[in-house]
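Here the structure is laid out as structure tokens; the discussion comes afterwards.
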Amino acid sequence: MRWFRVILIFIIVATFTFFLMEKKQLEADKSMENINHITSQKQKDFIKKSVPENIVLNKKFKGDIYRWVGKGTDELLAEFGEPKRRDLSSYGYTWWVYTNNQTQYIQFGVEDDKVQTIYATGKDISIEPLTIGETYDNVSAELQFAEEISYRKGISAYTFFLDEEDLQMRPLVKLSDNVYAQVYFDTFTNKLSSVRVLTGDVLLLQRPYGLRYRGGLPDLPSLTDEDWVKVENGMEQQIFDITNVIRNNFDVNTLLWEEKVSEVAFAHSKDMSDSNYFSHYSPDGDGLKERLENKEIYYFAAGENIASQYVDAPAAVEGWLNSKGHREALLHEDYTHLGVGVYRLYYTQNFLTKPTE
């Protein structure tokens, strides 16, 4: 009888222990299911809040500009003819520049005979469903700007983070798996100023936003001093061209190129880089007035814009447009001539009012 009770107690204890183990296992499985559900839901919310790709990809971007990424140079030549210039960039591609100097400015970034990026501004560019001069609210409603935009390449994953200034001045929109658009705004008028279309690879080279990533980052091309001279010369001309197209957007007179003033501007950009400062005044106290006098340049009025560390010339001009003092110089009705000097990523514009001949 005693053995029977021992066996019965053992069976009861074993059964209870098995129940506890099963219960714990069930609770663990249930907990994991909940965690998975929460993780999945967070991923869904993240996509919904940060990358409205389902909205953007379903839009019919009919503007000519969007179809050119990935196209060959033969098609480009057949459509537009020879470019006004071919300007080397610091990112490995060469800018093919087309402009009528007033209402249309487009530059195509070409590498390995294919278009990798495009920048465009002016009243007469085709960027449907958008238009230059369209209000921020209208464009935002069309594209639904987000604070976080993703890009995947193989097993690598990247997330770009846009702060409040980015969202107001240069929101980023994902058009397809590997094509993005930066839409630049004039924050003083809250209207669309220009558009840049670029591949994910170009975006990773430029890194114009905050970035979190898993995987590697591409290295920038290694440029010789001779290469940099070509890049700088190209950016000087781009700044000059874009400035005049933007001035035309505001019905302001077209500026003339002034070579001697360009030399003054270049010297100041190089001095800022070499001496590691950023100011209208050099360490010895000289300003624009003294620099122009030293070169015996005569004028009625003069102004200066400086910038540094922008990814390229178009970005620098858009930056000036969104800064009160720089904007006033950029759009000043009395200026007649412009000289531009770029050294590495230091940019200087010198404006002059000169007597008409």
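Structure data summary
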| quantity | calculated |
| --- | --- |
| Verdict on residue 282 being among the hydroxyl-bearing types (Ser, Thr, Tyr), in a helix (DSSP H, G or I) and either open to solvent by less than 50 Å² (accessible area, probe 1.4 Å) or in contact with a Cys (Cβ under 9 Å, 6 or more places away or on another chain) (or both) | no |
| Qualifying residue in segment 254-271 (condition: on the phi > 0 side of the Ramachandran plot and over 26 Å from the mean Cα position of the chain (by Cα)) | no |
| Selected residue (criterion: farthest from the chain's Cα centre (by Cα)) from residues of segment 212-243 that are more than 13 Å from residue 313 (Cα to Cα) and among the aliphatic types (A, V, I, L, M) | 229 |
| Cross-chain or 6+ apart pairs with Cβ under 9 Å, segment 148-162 first and on the phi > 0 side of the Ramachandran plot and touching a residue at least 12 places away in the same chain (Cβ under 8 Å), then outside any strand (DSSP E or B) and open to solvent by 20 Å² or more (accessible area, probe 1.4 Å) | 154/215 |
| Residue 293, sole failed condition from (1) under 29 Å from the mean Cα position of the chain (by Cα); (2) loosely packed, with under 13 Cβ neighbours inside 10 Å | (1) |
| Checklist (1) open to solvent by 10 Å² or more (accessible area, probe 1.4 Å); (2) of a type in the set (Lys, Arg); (3) at negative phi applied to residue 196, failing item | (1) |
| Verdict on residue 273 being surrounded by fewer than 18 Cβ atoms within 10 Å (Cβ to Cβ), farther than 23 Å from residue 354 by Cα and in contact with a Lys or Arg (Cβ under 6 Å, 6 or more places away or on another chain) | yes |
| Subset of segment 62-113 (residues that are touching an Asp or Glu at 6+ places or on another chain (Cβ under 7 Å) and either open to solvent by 60 Å² or more (accessible area, probe 1.4 Å) or basic (Lys, Arg) (or both)) | 62, 101, 104 |
| Residue count, segment 124-140 (criterion: open to solvent by 30 Å² or more (accessible area, probe 1.4 Å) and assigned to a helix (DSSP H, G or I)) | 4 |
| Identity of the residue in segment 344-357, among the hydrophobic types (A, V, I, L, M, F, W, C) and farther than 29 Å from residue 223 by Cβ, that ends up surrounded by the most Cβ atoms within 10 Å (Cβ to Cβ) | 351 |
| Leading residue by the ranking (farthest from residue 108 (Cα to Cα)) among those in segment 181-197 that are more than 10 Å from the chain's Cα centre (by Cα) and of a type in the set (Phe, Trp, Tyr) | 188 |
| Criterion violated by residue 120 - all others in (1) in contact with a Pro (Cβ under 9 Å, 6 or more places away or on another chain); (2) open to solvent by less than 20 Å² (accessible area, probe 1.4 Å); (3) of a type outside the set (D, E, K, R); (4) in a strand (DSSP E or B) satisfied | (1) |
| Residue pairs meeting the criteria (Cβ under 9 Å; at least 6 apart or on separate chains; first over 11 Å from residue 308 (Cα atoms), in segment 264-288; second open to solvent by 70 Å² or more (accessible area, probe 1.4 Å) and of a type in the set (Val, Ile, Thr)) | none |
| Residue list for segment 141-157, filter: within 14 Å of residue 184 (Cα to Cα) and in a helix (DSSP H, G or I) | 143 |
| Condition met for residue 151 (at pLDDT 95 or above, closer than 15 Å to residue 314 by Cβ and crowded, with 17+ Cβ neighbours inside 10 Å) | no |
| Which listed residue is under 17 Å from the mean Cα position of the chain (by Cα), part of a strand (DSSP E or B) and over 16 Å from residue 245 (Cβ atoms), from 109, 92 | 109 |
| Any hit, segment 320-343, residues being surrounded by 17 or more Cβ atoms within 10 Å (Cβ to Cβ) and closer than 19 Å to residue 203 by Cα | no |
| Single residue of 177, 186 found to be open to solvent by less than 30 Å² (accessible area, probe 1.4 Å), touching a residue at least 24 places away in the same chain (Cβ under 8 Å), touching a strand residue (DSSP E or B) at 6+ places or on another chain (Cβ under 8 Å) and among the charged types (D, E, K, R) | 186 |
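Each row is one residue, and each column tells you yes or no for (1) within 16 Å of residue 106 (Cβ to Cβ); (2) free of Cβ contacts under 8 Å to residues at least 40 places away in the same chain; (3) buried (at least 23 other Cβ atoms within 10 Å of the Cβ).
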position	(1), (2), (3)
201	no, no, no
225	no, yes, no
228	no, no, no
233	no, no, no
237	yes, no, no
245	yes, no, yes
249	yes, no, no
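The values are calculated or read from the model by the stated rules, or taken from the named source; none is laboratory data. Source: prediction; values computed, not measured. Quick reminder, even Gly has a Cβ in these numbers, built from the backbone with ideal geometry, and neighbours come from all protein chains shown. The accessibility values were calculated without ligands, DNA or RNA, using every heavy atom of the protein model including side chains. Shrake-Rupley method; radii C 1.70, N 1.55, O 1.52, S 1.80 Å.
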